[in-house]
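None of the figures in this text is laboratory data; all of them are computed from the coordinates on show. As the structure is a computational prediction, the values presented were derived from the model and not from experiment. Every residue, glycine among them, receives a Cβ derived from its backbone with ideal geometry; neighbour counts consider all protein chains shown.
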Amino acid sequence: MIPAVALVMIVTGFMAVEAAPAGGRSTGMWPVGLATGCLLLARPRRAPLLLGLVFAVALLTIWAGGRPFDVSVGYAVGTTLGTAVVWRLLTGGLPGAPGLRTDADLRRYFLATGAGSAVGALVAFLTSQATGWGSAPLVALAIGSAHLASQLTLVPFFSRLPDHGSISSPGERALQWLTILTVTPLVFLPDYFPSLVFLVIPLLAWGALRISPFEALAQMVALLGFAVSMTTIGSGPFARVPAQYGLPPDSRGIMLAGFAITCALIVVPLLVRVGVHIAIARQAAADRDKIQNIVNSAGGVAIIGTDETGRITLFNPGAENLLGYESVQVLGRSTAMFHTPDAVAEKALELGVSNHFIQVALAMTEPSAAGTHMRFLRKDGVERTHQMTLTQLVDDRGHTTGYVSTSEDVTDRVDAQTALEDALHAERQAVERLRDVDAVKEAFVSSVSHELRTPITSILGYLEMLEDGEYGDLNDAQGDAVRRVATNSSRLLSLIDDLLTLSRIHEDGLAMIDRVFDLRAAVTAGYEVVAPAWSARQLDVRIGLPGEPVPFVGDREMIERVVVNLLSNAVKFTSDGGSVRVLLRLEGADAVITVRDTGMGIPEQEQDQLFTRFFRSTLAQRRAIQGSGLGLSIAKAIVEKHGGTITVLSATDRGTTFDVRVPVVT
């Protein structure tokens, strides 16, 4: 491939110099873009050899075109240096073709070609000054614009373009080519209207938006090839510019290069932008389909979504299976159709609200009502008991946008629990059925957590790109909205990680890597992870460690997680002005990690539930402190896996102290 490109460079180099206007002092549109292409195709270690070849070809072609030898040497040096600059900025000296698929790639492409052309123009200016060959500013402008036009139009052929194909039909593509091949000669025939040639630019933009990137570039190069040929033989509007307007001969090349630059500045950004939009659309469609598949695959869970007025907008296959309706039969109707007046009245009495469906529904959105039992009326008239959670959807302005309920039929579970009072045999049967139901629930949680982690990670990646301005600058309101979405997405990703850890504990236990390490390092690492949470608050947070190493056998990352969970809780539940202490000490053959705070504390009657999954104290709920209720259950499982114990001492508004006691290496 490189020899073929080099041969084309030599031939077109001779043609460019020969085609330069009589009396001109530049080199015509010398194919410096092909010289850069040779470097992009080669391995980096061959770059010096190829740059030597570029210098030799440039010197030979320019000198053979009638330029003085010293001028030819200067022009050849400028061509070689400009080529090296473009190659280096595009690749960083690394092997492989540079990408031209994203906005960052596009910026690098413009920077590289502009810098390389500026170097060529500067060397041409100095050469003209030193040799007295022509007007230095005019020579610099002519050669710089010619280099820029060549680099902008030819370098994309040696880059990794967007991989989307043509989105136009074969008939449309044929019409595009026919229009370009027809219009181009027509606009180049008049000798006195240079502005007419710019009428073909909308045609190039049409191609860049609708056909494959390579074909769009081919259209542009075909048009420019015709323009150069017409100008070379002295025909067309650019050929008559010097005589018509009394300008220097080199102005012909400057006008032609300006036309080529304009075409490239239209076509290349358009095809890159189309590629970016197609890639984003593909990813968004894939994420949407994946989430839809997750919802649809939950055959044992009824997922019902509504708008802010309670009208049904989502009815998944699980809801169809459990309630007997098809989605088309319920969309747009109120969810009140699934509950009898007696069921609503019973729930209103339980929740302590008025006997009105809307009041009951609003009360069920409270965190304390999550997982409550509610009777559902099937299409066949049979009532079934569901364990359901109703969630209120709120936008970043605090406005309610809808509701989502998830429920599973637990009628059999409730019946089994009632039957436990009758006989031991019935009790064993009920337990087995409960285990089956719990296994299905755990499998569902694990599956949903795994499947949601990838799209949430993708969402965070795109949010980071939006914050960095990859898709344009954001105003203050947009930036604030993006940051809110990113914060909530990170919280959701953290919850998913906790669910996955709990799933591993439930199914296979914690797979840990046992190594000997200094327990002080694990405690310090956990302390530093949580440090950003109090850095902007008025909290006195300190750590105390023994002076000697504390050798310990276990999984360091898991121990760090215990410290992170306990310390983050202490910081979260302690108001500004309070204090938090993290201490490590030795007591006989045990090491004790203590996390003590002066926060809100935990009511004594709730402390026996503290390490239960999803448990959150009434104080935390009343004060609307966010959390999933999983951190302490995970910490307890990790500590017990290491043969240790975790205890708590707390009182309301007097703070909390957790002691983690684990055996050390003796």
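Between A174 and L7, the simple label model (points 7 Å from Cα in the Cβ direction) yields a spacing of 3.4 nm.
Report the extension gain between D518 and E604 in nm, rounded to one decimal, defined as 0.36 nm multiplied by the number of residues separating them, less their alpha carbon distance.
Numbers: separation 86, 0.36 × 86 = 30.96 nm, distance 3.50 nm.
Roughly 27.5 nm would be gained on extension.
Arranged from fewest to most other beta-carbon atoms within 10 Å of their beta carbon, I543, I291, I254 become I291, I543, I254. Given bins 20 angstrom wide, list per bin the percent of all Cα-Cα distances in the chain, short to long. So the P(r) values, bin by bin, are 14, 31, 24, 22, 8, 0.
Below 8 Å, C-alpha to C-alpha, sequence gap of six or more: please give me the relative contact order for region 225-352 in percent.
Details: 92 pairs, mean separation 14.8, N = 128.
After rounding, I find 12 percent.
Against the longest principal axis of the chain, how steep is helix 201-210, in degrees 0 to 90 to the nearest 10, with axes from Cα atoms? So the helix axis and the longest Cα principal axis differ by about 40 degrees. Against the chain, whose longest principal axis comes from its Cα atoms, helix 476-507 is set at around 50 degrees. Per-peptide packing, taken as the mean over residues of other Cβ atoms within 10 Å, places 166-175, 3-12 in the sequence 3-12, 166-175 from highest down. Taking only the Cα atoms of region 164-287, the ratio Rg/Rh comes out at 1.08, with Rh defined as the Kirkwood radius. Principal-axis analysis of the Cα atoms of the chain puts helix 170-188 at an angle of about 30° to the longest axis.
Apply the Kirkwood formula to region 298-409: the hydrodynamic radius equals the inverse of the mean of 1/r over all pairs of different alpha-carbon atoms; give it in Å with one decimal.
Hydrodynamic radius (Kirkwood, Cα only) of region 298-409 equals 14.1 Å.
Per-residue extension of 0.36 nm, minus the Cα-Cα distance of R654 and A130, leaves a gain of 180.1 nm for this segment. Neighbour counting of Cβ atoms within 10 Å sorts the residues H642, H356, fewest neighbours leading, into H356, H642. Using the Cβ-Cβ distance between R661 and V414 with R0 set to 45 Å, the FRET efficiency from 1/(1 + (r/R0)^6) comes to roughly 0.65. Counting lysine pairs in the chain whose alpha carbons fall under 26 angstrom apart, excluding pairs fewer than 8 residues apart on the same chain, gives 7. With the simple spin-label model, which puts each label point 7 Å out from Cα in the Cβ direction, the L377 to A481 separation comes to 4.1 nm.
Determine the calculated [θ] at 222 nm for the chain from helices alone, applying -39500 (n - 2.57) to every DSSP H run no shorter than 4 residues and normalising by the residue count; nearest 500 deg cm²/dmol.
Values: 22 runs with 383 residues, N = 666.
So the calculated ellipticity at 222 nm is -19500 deg cm²/dmol.
Segment I167..R282, full-extension length gain: 40.0 nm, with 0.36 nm per residue of separation and the alpha-carbon distance subtracted. When every Cα-Cα distance of region 515-663 is counted in 10 angstrom steps from zero, the calculated P(r) takes the values 11, 44, 35, 10, 0 percent. When you count the other C-beta atoms within 10 angstrom of each residue and take the mean per peptide, 155-162, 375-382 line up highest first as 155-162, 375-382.
Take I233, I304 and order them by how many other Cβ atoms sit within 10 Å, fewest up front. Write out the running numbers ahead of the final one.
Working: I233 10, I304 23.
Result, fewest neighbours first: I233, I304.
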